[in-house]
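Colleague: This is the structure, below, for whatever I ask next.
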Amino acid sequence: MVGVAFEVTDTHHRNQKTNNTEEITTEQARLQHKYEDIHPSFLDLCLYSYCYIGILTGPYYKYKVYIDMIEDTKFNRTIPTVEPMLNRIKFAALYGLVFILCSDYFSIEYAASDEFYDQPFWYILFYMVPMFVTFRMRMYSAWVLSECLCMTAGLGVYPIESSPRSGQGPSDLKKLEESETKDSIEYDYETVHNLREWGCEVSPTVREGMRSWNMTVQYWLATYVYRRVPVKSMRTVITMSVSAFWHGIHPGYYLSFLLVPFIVWAEDLMANSYRKHTTPQRQKIYDCVSWILKMRAFEYMAMGFLLLTFEGTVRYWHSIYFMGHVLTLFFIVLAQIKIGQPADSHKVE
């Protein structure tokens with residue numbers, strides 16, 4: 001509903017700027033009025049709010065995307081549903097199987113028990129690895145199935161040439177308009193694409209990994225929170241706070257999310273201080289080390305998501321000596337030391 005409020009507000013602002021050629025061109029205004037403006041009634045909002053598609057698992061989709069599906073005014077042609085759904089759902093079985101196997105051997109209830117903390121340090125430390133595997137396989141399964149549900153309903157389908165983006169929909173409105181007169185069109189469901197597994201698994205940094213995770217909500221946070229915070233230095237902290245509140249009121253969410261800005265800061269500082277000043281071969285080594293640390297960071301923060309309580313999360317982190325916080329601080333200080341040193345006399349091409 002917050003997204004709808006911004007869609008309505010943006011529609012109102014566009015209407016005010018239509019005649020202001022300094023801020024928006026006449027052609028751009030016409031396309032935005034045609035493809036982005038919304039004028040929902042109270043009943044429309046109720047129907048959108050309680051649409052069964054995505055109500056429990058997502059993905060997030062704009063009111064405009066929803067009304068395009070209902071009215072089907074974009075394209076009067078047969079839209080593919082079964083084939084893209086089958087191509088996507090085949091991965092859900094694998095994710096579900098891994099989740100079932102891992103959850104049989106590793107449970108968060110055990111990690112919250114007193115007996116768990118009688119185990120050796122290394123056992124406690126590495127227990128977060130299978131717990132994060134279980135966590136993300138559960139989320140992968142749910143998000144892939146939710147994408148398939150959207151596909152079977154024809155929600156979020158747009159011509160490929162209109163360059164649809166996750167959460168946003170078509171980004172090239174001119175191409176979208178041109179497609180209405182074509183007989184042969186290729187479609188995709190990128191608008192409701194919520195998960196890029198490859199990016200989550202192999203990207204070398206937390207920042208890149210997060211961009212591939214729950215992408216439609218990432219769009220919501222970036223568009224309606226991050227870009228609208230007037231103080232740039234506070235954008236990341238406020239966005240992560242809103243994201244934590246969006247997930248729920250459990251303290252574990254806040255403890256984990258509020259660590260993200262510092263981890264991303266450390267990554268940026270290290271990249272600027274070391275990675276960009278070394279050879280391509282050493283950059284590959286840097287990226288491998290960065291990937292290992294990224295996965296450990298996600299596992300560390302995932303324990304807050306799973307344990308939920310303040311006491312449970314802090315107890316686990318304390319048992320491994322707040323390793324995630326300590327390493328983050330270490331890399332921030334290490335990067336600052338490098339920044340304070342004189343520049344190398346040899347420049348790396």
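The values are calculated or read from the model by the stated rules, or taken from the named source; none is laboratory data. These numbers were taken from a predicted model, which means no experiment stands behind them. Cβ atoms come from the backbone with ideal geometry, glycine included; neighbour counts cover every protein chain shown. Just the protein is used for accessible areas: all its heavy atoms, side chains included, with ligands, DNA and RNA removed. Shrake-Rupley method; radii C 1.70, N 1.55, O 1.52, S 1.80 Å.
Colleague: Which residue pairs have Cβ atoms under 6 Å apart, sit 6 or more places apart or on different chains, and have a first residue in region 41-54 that is in contact (Cβ under 8 Å) with a residue 12 or more places away in the chain and a second that is outside any helix (DSSP H, G or I) and not acidic (Asp, Glu)?
Modeller: Once the first residue is in contact (Cβ under 8 Å) with a residue 12 or more places away in the chain and sits in region 41-54, its partners that are outside any helix (DSSP H, G or I) and not acidic (Asp, Glu) give Ile53/Leu155.
Colleague: Further question on the same structure: Quick one: how many residues across region 240-260 are open to solvent by less than 30 Å² (accessible area, probe 1.4 Å), under 19 Å from Leu221 (Cα atoms), modelled with pLDDT of 90 or more and assigned to a helix (DSSP H, G or I)?
Modeller: So the first thing to find is which residues in region 240-260 are open to solvent by less than 30 Å² (accessible area, probe 1.4 Å), and the list is 240, 243-244, 248, 252, 256-257, 259-260.
Now narrow it down to the ones that are under 19 Å from Leu221 (Cα atoms): 240, 243-244, 248, 256-257, 259-260.
Restricting the remaining residues to those that are modelled with pLDDT of 90 or more gives 256, 259-260.
Now restrict to residues that are assigned to a helix (DSSP H, G or I): 256, 260.
The qualifying residues number 2.
Colleague: Of the numbered conditions (1) open to solvent by less than 90 Å² (accessible area, probe 1.4 Å); (2) at pLDDT below 85, Asn19 satisfies every one except a single condition; which is it?
Modeller: (1)
Colleague: I'm trying to understand the selection: among the residues of region 265-317, which are touching a Ser or Thr at 6+ places or on another chain (Cβ under 7 Å) and of a type in the set (Lys, Arg)?
Modeller: Hit for region 265-317 is Lys294, nothing else.
Colleague: Let me ask you something else. Search region 125-136 for residues that are on the phi < 0 side of the Ramachandran plot and of a type in the set (Phe, Trp, Tyr) and pair each with any residue that is open to solvent by less than 20 Å² (accessible area, probe 1.4 Å) and in a helix (DSSP H, G or I) when their beta-carbon atoms are under 8 Å apart and the residues are at least 6 apart or on different chains.
Modeller: These pairs meet every condition: Tyr127/Ala111; Tyr127/Phe116; Phe132/Met295; Phe132/Glu299; Phe132/Ala302; Phe135/Ala302.
Colleague: OK, next. Part of a helix (DSSP H, G or I), among the aliphatic types (A, V, I, L, M) and surrounded by fewer than 16 Cβ atoms within 10 Å (Cβ to Cβ), is that true of Ile263?
Modeller: Numbers: part of a helix (DSSP H, G or I): yes; among the aliphatic types (A, V, I, L, M): yes; surrounded by fewer than 16 Cβ atoms within 10 Å (Cβ to Cβ): no.
Judged against the criteria, Ile263 is not a match.
Colleague: Kindly check whether there is at least one residue in region 212-227 that is open to solvent by less than 60 Å² (accessible area, probe 1.4 Å) and more than 15 Å from the chain's Cα centre (by Cα).
Modeller: Within region 212-227, none of the residues are open to solvent by less than 60 Å² (accessible area, probe 1.4 Å) and more than 15 Å from the chain's Cα centre (by Cα).
Colleague: Collect the residues in region 160-183 that are in a loop (DSSP other than H, G, I, E, B) and either without any contact (Cβ under 8 Å) to a residue 40 or more places away in the chain or more than 19 Å from Asn214 (Cα to Cα) (or both), keeping them in residue-number order. Lay out the reasoning, then the answer.
Modeller: Here is the first cut: in region 160-183, the residues in a loop (DSSP other than H, G, I, E, B) are 163, 166-168, 171-172, 180-183.
Once the filter is applied, which keeps residues that are in a loop (DSSP other than H, G, I, E, B) and either without any contact (Cβ under 8 Å) to a residue 40 or more places away in the chain or more than 19 Å from Asn214 (Cα to Cα) (or both), region 160-183 yields Ser163, Ser171, Asp172, Glu180, Thr181, Lys182, Asp183.
Colleague: Also, I was wondering about something else. Condition check: over 26 Å from Ile337 (Cα atoms) and over 22 Å from the mean Cα position of the chain (by Cα). Does Phe322 satisfy that?
Modeller: Details: over 26 Å from Ile337 (Cα atoms): no; over 22 Å from the mean Cα position of the chain (by Cα): yes.
The answer is no for Phe322.
Colleague: Are there helices (runs of 4 or more DSSP H) fully within region 51-137 with at least 2 residues that are within 18 Å of Tyr187 (Cβ to Cβ) and open to solvent by less than 60 Å² (accessible area, probe 1.4 Å)? List them.
Modeller: Numbers: elements: 63-71, 82-105, 108-111, 121-126.
It comes to 63-71, 82-105.
Colleague: Which of the residues belonging to region 30-44 are among the aliphatic types (A, V, I, L, M) and open to solvent by 40 Å² or more (accessible area, probe 1.4 Å)? Before you say what the answer is, go through the steps one by one.
Modeller: Here is the first cut: in region 30-44, the ones among the aliphatic types (A, V, I, L, M) are 31, 38, 43.
Answer for region 30-44, where residues must be among the aliphatic types (A, V, I, L, M) and open to solvent by 40 Å² or more (accessible area, probe 1.4 Å): just Leu43.
Colleague: Any idea which residue in region 184-210 is nearest to Asp72 (Cα to Cα), counting only those that are among the hydrophobic types (A, V, I, L, M, F, W, C) and assigned to a loop (DSSP other than H, G, I, E, B)? Let's see the steps before the verdict.
Modeller: We begin by selecting, within region 184-210, every residue among the hydrophobic types (A, V, I, L, M, F, W, C); these are 185, 192, 195, 198, 200, 202, 206, 210.
Now restrict to residues that are assigned to a loop (DSSP other than H, G, I, E, B): 185, 195.
Details: Ile185: 15, Leu195: 26 Å.
The extreme case among them is Ile185.
Colleague: Cβ-Cβ under 7 Å, sequence separation 6+ or interchain: first residue in region 276-305 and open to solvent by 60 Å² or more (accessible area, probe 1.4 Å), partner acidic (Asp, Glu). Which pairs?
Modeller: His277/Asp344
Colleague: Go through region 184-214 and count every residue that is free of Cβ contacts under 8 Å to residues at least 40 places away in the same chain and of a type in the set (Asp, Glu).
Modeller: Here the count works out to 4.
Colleague: Follow-up. For residues that are open to solvent by less than 30 Å² (accessible area, probe 1.4 Å) and β-branched (Val, Ile, Thr), scanning just region 139-159, find the one that is farthest from Ser212 (Cα to Cα).
Modeller: The extreme case among them is Val157.
Colleague: When only residues in region 160-171 that are among the small types (Gly, Ala, Ser), closer than 13 Å to Asp188 by Cβ and within 17 Å of the chain's Cα centre (by Cα) count, which is least open to solvent (accessible area, probe 1.4 Å)?
Modeller: Gly169
Colleague: If you don't mind, there's one more thing I want to ask. Any idea how many residues of region 274-325 are within 21 Å of Gly209 (Cα to Cα) and assigned to a helix (DSSP H, G or I)?
Modeller: To start, the set of residues in region 274-325 that are within 21 Å of Gly209 (Cα to Cα) comprises 274-276, 283-306, 323-325.
Remaining after also requiring assigned to a helix (DSSP H, G or I): 275-276, 283-306, 323-325.
Total meeting the criteria: 29.
Colleague: Which is of a type in the set (S, T, N, Q), over 29 Å from Asp172 (Cβ atoms) and part of a helix (DSSP H, G or I), of Ser146, Ser141?
Modeller: Working: Ser146 fails: over 29 Å from Asp172 (Cβ atoms).
Going through Ser146, Ser141 in turn, the sole match is Ser141.
Colleague: Here's something else I'd like to know. All but one of (1) part of a loop (DSSP other than H, G, I, E, B); (2) modelled with pLDDT under 90 hold for Gln32, so report the exception by its number.
Modeller: Checking Gln32 against (1) part of a loop (DSSP other than H, G, I, E, B); (2) modelled with pLDDT under 90, the one that fails is (1).
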